[in-house]
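Following: one structure in structure tokens, then a few remarks.
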Amino acid sequence: MASYNKLVRDKIPEILDKKGVSYEKRIADDAEFKAELIKKLTEECAEFAEAGDLNELADVLEVISALKTLPEYTDVLDVQDKKRLERGGFAQKIILKGEK
């Protein structure tokens with residue numbers, strides 16, 4: 001049987017209960033929650049990069065939504081807007097080639 005110790009979506013314990021799967025559950029403190037979200041973001045981004053799948057992109061966005069609820073990230077949309085005004089977005093699909 002596979003072993004795991006990771007942050008999961010809120011309804012996963014309910015799904016496992018219905019399947020009769022045993023597990024241990026605990027609630028992360030704030031610092032662990034942030035660390036686990038960052039790990040989950042890395043995991044989900046890798047899965048999206050490999051699959052390029054709509055469902056994987058949705059998972060990435062779900063993790064980002066959770067990160068945005070943390071006090072240190074609540075202003076992220078304002079920062080995003082500021083950076084877009086200063087540096088632009090990606091609408092023009094520009095690729096640069098050169099040397100550093």
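Being part of a helix (DSSP H, G or I) and either within 18 Å of the chain's Cα centre (by Cα) or not polar (S, T, N, Q) (or both) is the requirement here; does residue 17 meet it?
yes
With respect to residue 93, is the statement that it is loosely packed, with under 11 Cβ neighbours inside 10 Å, in contact (Cβ under 8 Å) with a residue 12 or more places away in the chain and out of contact with any Pro (no Cβ under 6 Å at 6 or more places or on another chain) true?
No: the conditions fail for residue 93.
Please verify whether segment 23-30 includes one or more residues that are of a type in the set (Ser, Thr, Tyr) and closer than 26 Å to residue 2 by Cβ.
yes
Which residues, counting only those in segment 10-34, are closer than 15 Å to residue 69 by Cβ and surrounded by 13 or more Cβ atoms within 10 Å (Cβ to Cβ)?
Correct list: 33, 34.
Among the residues of segment 41-56, are any within 11 Å of the chain's Cα centre (by Cα) and either of a type in the set (Ser, Thr, Tyr) or exposed (fewer than 13 other Cβ atoms within 10 Å of the Cβ) (or both)?
yes
Say whether the condition of being part of a helix (DSSP H, G or I) and in contact with a Leu (Cβ under 8 Å, 6 or more places away or on another chain) is met by at least one residue in segment 43-55.
yes
Taking segment 58-100, which residues are part of a loop (DSSP other than H, G, I, E, B) and in contact with a helix residue (DSSP H, G or I) (Cβ under 8 Å, 6 or more places away or on another chain)?
Those that are part of a loop (DSSP other than H, G, I, E, B) and in contact with a helix residue (DSSP H, G or I) (Cβ under 8 Å, 6 or more places away or on another chain): 68, 70.
Computed from the coordinates by the stated procedures, all read-outs in this text should not be read as laboratory data. If you're wondering where the values come from, they're calculated on a predicted model, not measured in any experiment. Cβ coordinates were reconstructed from backbone atoms using ideal geometry, including for glycine residues, and neighbour counts include every protein chain displayed.
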